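Where a number appears in this text, it was derived from the coordinates with a stated rule and is not lab data. What you are looking at is a predicted structure, and each value in this text was computed from that prediction instead of being measured. All Cβ positions, even for glycine, are placed from backbone atoms using ideal geometry, and neighbour counts span all protein chains on display.
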């Protein structure tokens, strides 16, 4: 693993996901409280393994991907954040999902903000998008707080979705 891929913030340590994270990822991604609103919804154990293989490959191919987010002080697994190409052609998207128990303390904003800065500054991505359900006010608050702006909308399976974007300063 490239050491430049590891990010530390005031309260978090973000490390690219790897096979040592499999059990934490299975727990997070199979829990509807944590992953019910994510694109594709709650996963099976098998799907988590397939996604992890792709995420490990993404880091090697692209130099960006999904980080496991851990508390800096105790090292507890808190969730994930990262940058991934969306399957619908909207571009590279910022993603984040933290355990409900740690929400409300600004950790999603801290992790997502660090991932967004990495995407623009280290990965040199010109444009990064994020998609949130129109009724997911918590995610929308995080996206606005880190400087992403509402750019468009669409409807997916009857659910209004908002597309946020961040364009790199040149």
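If I filter region 1-26 down to residues being free of Cβ contacts under 8 Å to residues at least 40 places away in the same chain and part of a helix (DSSP H, G or I), which single residue comes out as farthest from residue 98 (Cα to Cα)?
Checked region 1-26; the qualifying residue farthest from residue 98 (Cα to Cα) is 3.
Quick one: count up the residues across region 16-26 that are surrounded by fewer than 17 Cβ atoms within 10 Å (Cβ to Cβ) and within 16 Å of the chain's Cα centre (by Cα).
Final tally of qualifying residues: 1.
Answer yes or no as to whether residue 83 is in contact with a strand residue (DSSP E or B) (Cβ under 9 Å, 6 or more places away or on another chain), surrounded by 17 or more Cβ atoms within 10 Å (Cβ to Cβ), in contact (Cβ under 8 Å) with a residue 40 or more places away in the chain and under 16 Å from residue 14 (Cβ atoms).
Yes: the conditions hold for residue 83.
From the list 60, 75, 49, pick out the single residue that is surrounded by 14 or more Cβ atoms within 10 Å (Cβ to Cβ) and under 21 Å from residue 1 (Cα atoms).
Every option except 49 fails the conditions.
In region 124-170, how many are assigned to a loop (DSSP other than H, G, I, E, B) and either more than 24 Å from residue 16 (Cα to Cα) or under 15 Å from the mean Cα position of the chain (by Cα) (or both)?
Residues meeting the conditions: 9.
If you take the residues of region 88-116 that are surrounded by fewer than 17 Cβ atoms within 10 Å (Cβ to Cβ) and under 23 Å from residue 11 (Cα atoms), which of them is nearest to the chain's Cα centre (by Cα)?
109
From (1) part of a helix (DSSP H, G or I); (2) over 18 Å from residue 31 (Cβ atoms); (3) in contact with a helix residue (DSSP H, G or I) (Cβ under 7 Å, 6 or more places away or on another chain), pick out the condition that doesn't hold for residue 83.
Failing condition for residue 83: (1).
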